[in-house]
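The structure under discussion appears below in the form of structure tokens.
The values are calculated or read from the model by the stated rules, or taken from the named source; none is laboratory data. Note that the structure is a prediction, hence the values are computed from the model and not measured. Neighbour counts are summed over all protein chains in view; Cβ atoms, including those assigned to glycine, are modelled from backbone coordinates with ideal geometry. Calculation scope for accessible area: heavy atoms of the full protein, side chains included, ligands and nucleic acids excluded. Shrake-Rupley method; radii C 1.70, N 1.55, O 1.52, S 1.80 Å.
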Amino acid sequence: MPWWSVLLFLGLAVLLWQRGRSHRDDVIGLFTKFLGVLVLVVVVVAGQPLLLELALLALALYLPSALHCERQIGGGLEP
């Protein structure tokens with residue numbers, strides 16, 4: 001699968017997911033989300049998953065660490 005088709009399918013998956021979230025009918029919205037996930041599975045199985053892996057790596061690096069969140073809340077074990 002060429003890289004441009006992977007990007008096209010990823011865009012389509014995001015578009016379907018967003019349309020499913022904004023749809024008023026629950027059944028049609030769930031079906032649209034399901035189609036978005038199905039397109040994403042096609043990209044992962046048949047395409048070059050490098051783009052998806054890079055996007056997930058960027059998301060993982062963007063998320064705060066547990067230690068950072070614990071310091072903000074003031075949690076931790078008190079002696």
In the stretch 10-23, what residues are loosely packed, with under 13 Cβ neighbours inside 10 Å and without any contact (Cβ under 8 Å) to a residue 12 or more places away in the chain? Gly11, Ser22
Please count how many residues of the stretch 12-56 are among the charged types (D, E, K, R) and under 20 Å from Pro2 (Cα atoms). 1
For the structure I just gave you, tell me whether Leu7 is modelled with pLDDT of 80 or more and loosely packed, with under 14 Cβ neighbours inside 10 Å. yes
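Residues checked against (1) within 12 Å of the chain's Cα centre (by Cα); (2) among the β-branched types (Val, Ile, Thr):
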position	(1), (2)
Val6	no, yes
Gln18	yes, no
Ile28	no, yes
Thr32	no, yes
Leu35	no, no
Val45	no, yes
Leu50	no, no
Leu57	yes, no
Leu61	no, no
Matching residues in the stretch 35-69 (open to solvent by less than 90 Å² (accessible area, probe 1.4 Å) and at pLDDT below 75) number 9
